[in-house]
Amino acid sequence: MHSFLSTSIGDVFVGKSSVLIDLAHFLSENYSNSAKIVLVDSNTIAHCFPILAEAIPELKEVELIEVEPGEGSKDLEICAHIWQTLSELNIDRHAVIINLGGGVVTDLGGFVAAIYKRGVDCINVPTSLLAQVDASVGSKNGIDFMGFKNQLGAFTPPKGVFVCIDFLRTLDKRQFISGMAEVFKHGLIADSAYFNEVVAQLNDIDFEKVVFKSIAIKHQIVTNDPFEKGERKKLNFGHTAGHAIESLSLEKGVELLHGEAIAIGMLIEIELSLLKGLFSVQQQKEVYSLYQSFFPLFAIKESDIEAIIQRSKQDKKNRGEVFQFTLLESIGKAIINQEISNKEYYQAIINYNNQLTL
């Protein structure tokens, strides 16, 4: 299978090693005389860049900029270091930055490219499951600031996204499982049949098919609402609570992957859906059973609940002091702009904790 999507938010190629040949043609057609910079982390420079350079020999001599893996690299100081490097290399506005990595690299690289000299082109070559199904597509980029997740960012589409399924072989099990959080999310918010199909095939997933389907779901939503004025808010299911948990964990020095935090966030927001009378207990139990068998869930200390609530006040969907959550009416159907009080949010986290002990 070799699939291609073309929309107003850029071209997306999905497949195995042949996708890298598409990238070679894309670079030749659009950037033959342009400087090329590849942004990597210490994992992708070791495991993925050699594969990329073997497929596209001209990239063997490009400038590589390396950052540390993990959320800590989505930082203004790291951006300044990259901009300084680009300036010292005399990189002009006709250059292209190739972001070779997971969600951190594609978020960071997109933001760096959007700001440098008022914008240079970038291409995403996502290497993690999470980045392939979610982070690398949709035109969002950003970095963390003052301890708040994605506080600075922009809507700037990459010129192309080249999803090589073969890169998934470089992931460890934990990173792989983390990426499944976004796969499940796409089914929960938009397609119950897809959700059920993935759950039924957990022991033998066709990842090329799954990645393409998840991207197609996100593409459709983003094409309808590129700047998150309405429908695109569905994609934030699990992220209001999840981002707050992720930020607090980072501050406490606890290593928590994005997908792990979002999985917890989704369960908390399912509890909110129950409190609002939107979601059924039967479907709640179905999702909990799946997530408890799949993700490293943990109870939230009661002493941390208020800190999570305070961090959630920075969520970009909110209006003033009012929380606006994306909740679920059923598996496959999300509803946006649901107003939630502090008291309801606190109770939902308590209810989540209680479910873990059942």
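Taken over the range 175-206, residues that are closer than 24 Å to T44 by Cα and open to solvent by less than 10 Å² (accessible area, probe 1.4 Å) amount to 6. Of everything listed in (1) outside any helix (DSSP H, G or I); (2) touching a residue at least 40 places away in the same chain (Cβ under 8 Å); (3) crowded, with 18+ Cβ neighbours inside 10 Å; (4) touching a Ser or Thr at 6+ places or on another chain (Cβ under 9 Å), the single unmet condition for N141 is (2).
Among the residues of the range 50-94 satisfying the criterion of being among the acidic types (D, E) and closer than 21 Å to V19 by Cα, which is most open to solvent (accessible area, probe 1.4 Å)? Ranking the candidates gives E61 first. Residues that are assigned to a helix (DSSP H, G or I), over 21 Å from L356 (Cα atoms) and at pLDDT below 95 do occur in the range 312-324, at least one of them. Once the range 236-258 is narrowed to residues that are touching a helix residue (DSSP H, G or I) at 6+ places or on another chain (Cβ under 7 Å) and hydrophobic (A, V, I, L, M, F, W, C), the residue that is most open to solvent (accessible area, probe 1.4 Å) is L250. Checked against (1) more than 24 Å from T127 (Cα to Cα); (2) within 19 Å of the chain's Cα centre (by Cα); (3) open to solvent by 30 Å² or more (accessible area, probe 1.4 Å), K209 meets all criteria but (1).
Which residues, taken from the range 103-133, are outside any strand (DSSP E or B), farther than 19 Å from D166 by Cβ and either touching a residue at least 40 places away in the same chain (Cβ under 8 Å) or of a type in the set (S, T, Y) (or both)?
So the first thing to find is which residues in the range 103-133 are outside any strand (DSSP E or B), and the list is 103-120, 127-133.
When the remaining residues are screened for being farther than 19 Å from D166 by Cβ, the result is 104, 107-120.
Passing the criteria: V104, D107, L108, G109, G110, F111, V112, A113, A114, Y116.
When G110 is tested against the conditions (1) of a type outside the set (S, T, Y); (2) buried (at least 19 other Cβ atoms within 10 Å of the Cβ); (3) in contact with a helix residue (DSSP H, G or I) (Cβ under 7 Å, 6 or more places away or on another chain); (4) within 28 Å of G242 (Cα to Cα), the lone failure is (3).
Residue by residue, here is whether (1) over 24 Å from R174 (Cβ atoms); (2) modelled with pLDDT of 95 or more; (3) more than 22 Å from the chain's Cα centre (by Cα); (4) assigned to a loop (DSSP other than H, G, I, E, B) holds:
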| position | (1), (2), (3), (4) |
| --- | --- |
| A261 | no, yes, no, no |
| E271 | yes, yes, yes, no |
| L278 | yes, yes, yes, yes |
| K285 | yes, yes, yes, no |
| Y291 | no, yes, no, no |
| Y345 | yes, yes, yes, no |
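The values are calculated or read from the model by the stated rules, or taken from the named source; none is laboratory data. Since we're looking at a predicted model, the values are computed, not measured. Please note: Cβ atoms are built from the backbone with ideal geometry, for glycine as well, and neighbour counts cover all protein chains shown. Just the protein is used for accessible areas: all its heavy atoms, side chains included, with ligands, DNA and RNA removed. Shrake-Rupley method; radii C 1.70, N 1.55, O 1.52, S 1.80 Å.
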